Amino acid sequence: MSDLRLPEPLKKVHKGLLCLVEMLDRISWVVLFLMMVMTMVDVMLRKFTNVTIIGCGEMTEMMMAIVVFCSLAQCQVDDGHIKIDLIMGRAQPKVQALVDTLTQFLCFVLFCLVAWSTFKHGIEIRQWQEVSIDLAIPLYPFVFIAAFGSAMLALILLTKTITSLSEAMKPWIRSGLES
């Protein structure tokens, strides 16, 4: 996403957002590595000593929330999400740009709603003082991480919407200048 055509005031904000998203992605890498090591140790302990790590399943669930929601935005930055170009690949560039703008905007709205709803749920879980069964770890921080990750994805989608809109408007702006 280095070739974005954003308005000047948004370029610095976008650059900071990209740094934050990349940092979150790196955190997800570390947590994924720790999760793999923990699972491997648990399996080896069970195999050779018939001893298990108490709460390994719970910790894996919580770590998975971190891995998924901290990496969603970076995946969007890298255009790693699935796109089906069966029909749109044959459309005119103007139509492709307009559909891309609409798609990015609808996804932005959706993830704003997901972030808001998840944040509200995190507040409720905190008030109820819900904890995990085996280790009694509070659940609300992981719900807030999910809300934050969804909000970061929404912001990336907003920047992509602005970029797609500028691309979609380019042919009309050019034709208006030429006439």
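Coordinate-derived values only; no laboratory data. Everything quoted here is computed from the prediction, not taken from an experiment. So basically every Cβ, Gly included, is an ideal-geometry build from the backbone, and we count neighbours across all protein chains shown.
What's the total number of residues in region 8-29 that are free of Cβ contacts under 8 Å to residues at least 24 places away in the same chain and more than 16 Å from GLY149 (Cα to Cα)?
Final tally of qualifying residues: 6.
Looking only at region 120-170, count every residue that is touching a residue at least 24 places away in the same chain (Cβ under 8 Å), among the hydroxyl-bearing types (Ser, Thr, Tyr) and either farther than 30 Å from VAL99 by Cβ or touching a helix residue (DSSP H, G or I) at 6+ places or on another chain (Cβ under 7 Å) (or both) and tell me the total.
5
Here's the yes/no breakdown for (1) surrounded by 13 or more Cβ atoms within 10 Å (Cβ to Cβ); (2) part of a helix (DSSP H, G or I):
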residue	(1), (2)
LYS12	no, yes
LEU18	yes, yes
SER28	yes, yes
MET35	yes, yes
MET38	yes, yes
ALA65	yes, yes
GLN76	yes, yes
ASP79	no, no
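Quick one: is ALA115 touching a Ser or Thr at 6+ places or on another chain (Cβ under 8 Å) and surrounded by 13 or more Cβ atoms within 10 Å (Cβ to Cβ)?
Spelling it out, ALA115 is indeed touching a Ser or Thr at 6+ places or on another chain (Cβ under 8 Å) and surrounded by 13 or more Cβ atoms within 10 Å (Cβ to Cβ).
Hey, any hits in region 81-101 for a residue that's more than 22 Å from LEU24 (Cα to Cα), touching a helix residue (DSSP H, G or I) at 6+ places or on another chain (Cβ under 6 Å) and not in a helix (DSSP H, G or I)?
So far as region 81-101 goes, no, none of its residues is more than 22 Å from LEU24 (Cα to Cα), touching a helix residue (DSSP H, G or I) at 6+ places or on another chain (Cβ under 6 Å) and not in a helix (DSSP H, G or I).
So is THR60 free of Cβ contacts under 8 Å to residues at least 40 places away in the same chain and either in a loop (DSSP other than H, G, I, E, B) or among the β-branched types (Val, Ile, Thr) (or both) or not?
Yes; evaluated as a whole, the condition is true for this residue.
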